[in-house]
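For reference, the structure is listed below as structure tokens.
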Amino acid sequence: MPTVVSGIRSTGNLHLGNYFGAVKNFIEMQNEHSTYFFIADFHSLTTHPTPADLHINVKQVMAEYLACGIDPEKATIFVQSDVPEIPELYLLLNMNAYLGELERTTSFKDKARQQPDNVNAGLLTYPVLMAADIIIHKANLVPVGKDQEQNLEMARTFARRFNRMYNVETFPIPRPYTFEGKDMVKIPGLDGSGKMGKSEGNAIALAESPESIRKKVMRAVTDAGPTEDNQQKPEVIKNLFTLMEVVSTPDTVAHFETTYNNCSIRYGDLKKQLAEDIIIFTTPIRTKIEEIVKDQEYLSKVARIGAEKARASASKTLQEVREIIGFRKFY
Ligand code: TRP
């Protein structure tokens with residue numbers, strides 16, 4: 001059975017785009033693979049969160065994963081910092097990760113541009129830590145979006161390099177599992193810029209309040225309206241329809257399609273309807289998130305069991321790696 005590993009930075013509250021993208025796939029994968037999903041709280045330190053924020057965010061993301069249907073009985077769901085074997089493997093991999101290749105990574109260059117006063121070594125070695133996350137469980141598959149493809153390519157490089165250096169086959173070379181395309185709906189943002197993303201600032205979070213959802217949807221970019229019957233929709237309008245297709249009933253979509261096609265559409269009505277349908281869609285998830293966040297006992301149980309399972313797998317790999325590198329016990 002192939003092993004799957006994926007992580008999410010603890011700064012990223014899940015939004016609708018994640019829900020119909022990564023999370024939907026995680027839920028499917030947990031049924032037929034050996035899956036490890038974790039909250040990358042070490043990675044979040046590259047942006048210097050306060051201690052209180054760090055903790056609150058980890059808890060929030062954990063609750064969101066669970067509310068969406070990641071099942072701790074099927075998948076191993078854990079917090080990265082609960083597994084000390086990960087930073088140890090990261091240290092070992094760092095010895096064979098070269099400055100040049102790390103500096104050339106697009107995500108490093110982007111971050112260095114975004115936070116010029118905080119170009120720390122953790123940012124530079126971000127892909128090494130990510131590689132450790134993945135190969136410590138001998139993962140075969142990593143579900144990633146486009147933005148993580150280069151990081152995964154580096155993980156493949158580090159795995160191959162280790163195997164070659166010691167002439168072993170310790171690490172499988174992890175393959176990307178891309179879920180974009182196929183039957184996946186790419187959820188657009190509200191600003192007409194394409195994909196919904198937290199860093200793009202155009203996202204609707206699963207935990208977002210109804211008032212905030214209404215405000216954001218009403219502000220969504222539109223155009224002056226169709227002037228000819230059956231006219232092609234420009235990108236910004238197509239985006240609103242795509243969102244509607246995932247949250248509204250087919251009747252609602254058909255109604256607005258008709259009014260668009262005969263030029264009687266009023267975007268204000270469409271947005272009002274869309275906002276209400278998003279609220280209807282997210283409310284059960286939001287309620288569940290809120291319940292789980294309050295349930296300290298459940299969260300601590302899930303985190304403890306996850307940590308135990310993750311550590312069992314991680315320590316096995318690390319022991320093997322230490323032995324291969326030449327660390328032998330004197331006692
Ligand atoms: N870098 C990933 C992101 O920002 C998060 C991540 C950390 C990850 N470690 C990972 C993803 C290992 C997949 C596998 O989205």
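Which is the longest run of the chain containing none of the trypsin sites (Lys or Arg not before Pro) found in DSSP loop states (not H, G, I, E, B) with at most 16 other C-beta atoms within 10 Å? That would be 105-181.
If you plug the beta carbon distance of Cys263 and Glu291 into 1/(1 + (r/R0)^6) with R0 = 45 Å, you get a FRET efficiency near 0.50. In the chain, the longest principal axis of the Cα atoms and the axis of helix 267-294 are about 40 degrees apart. For the chain, modelled as a GNM whose springs connect Cα atoms under 10 angstrom apart, the maximal fluctuation among Gly100, Gly21, Gly201 occurs at Gly100.
Distance check, please: which entries in Lys59/Lys301; Lys238/Lys272; Lys59/Lys186; Lys215/Lys272 exceed 20 angstrom between their Cα atoms?
Values: Lys59/Lys301 13 Å; Lys238/Lys272 16 Å; Lys59/Lys186 27 Å; Lys215/Lys272 10 Å.
Beyond 20 Å: Lys59/Lys186.
Restricting the calculation to Cα atoms, segment 1-146 shows an Rg/Rh of 0.96 when the hydrodynamic-style radius is the Kirkwood one. Report the far tail of the P(r) of the chain, meaning the percent of Cα-Cα pairs longer than 25 Å. Summing the P(r) tail past 25 Å for the chain gives 56 percent.
Could you compute the longest span of the chain free of GluC sites (Glu not before Pro) located in DSSP loops and having at most 13 other Cβ atoms within 10 Å, not counting the site residues? The longest uninterrupted stretch comes out as 229-331. Straight-line cross-link reach from Lys316 at under 21 Å between alpha-carbon atoms covers these lysines, not counting any fewer than eight positions away in the same chain: Lys74, Lys138, Lys329.
Considering only His33, His43, His15, the mean-square fluctuation computed in a Gaussian network model of the chain, springs between alpha carbons under 10 angstrom, is largest for His33.
Need the full-extension length gain, Asp251 to Ser193, defined as separation in residues times 0.36 nm minus the C-alpha distance. One decimal, nm. Write down the numbers at each step before the final one.
Values: separation 58, 0.36 × 58 = 20.88 nm, distance 2.71 nm.
Full extension from Asp251 to Ser193 adds 18.2 nm.
For the chain, the residue among Ser300, Met244, Thr46 whose Cα projects farthest onto the positive side of the dipole built from Cβ charges is Thr46.
When only alpha carbons are used to place a centre, segment 271-293 and segment 124-190 end up 32 Å from one another. Rolling a 1.4 angstrom probe over the protein heavy atoms with all chains in place gives segment 210-290 an accessible area of 54 Å² per residue.
Dipole magnitude for the chain: about 840 debye, using +1 per Lys or Arg Cβ and -1 per Asp or Glu Cβ, origin at the Cα centre. Within the listed set Pro127, Pro250, Pro188, the Gaussian network model of the chain (springs between alpha-carbon atoms below 10 Å) gives the highest mean-square fluctuation for Pro250.
How much of the accessible area of the chain, probe 1.4 Å, is carbon plus sulfur, in whole percent? Accessible surface attributable to carbon and sulfur in the chain totals 52 percent.
With labels modelled as points extended 7 Å from the Cα through the Cβ direction, what inter-label distance (nm, one decimal) is found for Ile325 paired with Ser300? Taking the two extended label points, one gets 3.4 nm. Each DSSP beta bridge with both residues in the chain is either parallel or antiparallel, and the antiparallel ones are about 10%.
Around Asp71, with a cut-off of 15 angstrom between Cβ atoms, what is the net charge of the other residues, counting Lys and Arg +1 and Asp and Glu -1? Before the final figure, lay out the partial values.
Numbers: positive: Lys24, Lys74, Lys288, Lys301, Lys309; negative: Glu28, Glu32, Glu64, Glu73.
Result for the local shell: +1.
Quick one: angle between helix 85-94 and the longest Cα principal axis of the chain, in degrees between 0 and 90, rounded to 10, please. For 85-94 against the chain, the angle is about 80 degrees.
The values are calculated or read from the model by the stated rules, or taken from the named source; none is laboratory data. This structure is a prediction, so every number in the text was calculated from the model and none was measured. Reconstructed Cβ throughout: ideal geometry from the backbone, glycine too, with neighbour counts over all protein chains shown. All accessible areas refer to the heavy atoms of the entire protein, side chains included, with ligands and DNA or RNA removed. Shrake-Rupley method; radii C 1.70, N 1.55, O 1.52, S 1.80 Å.
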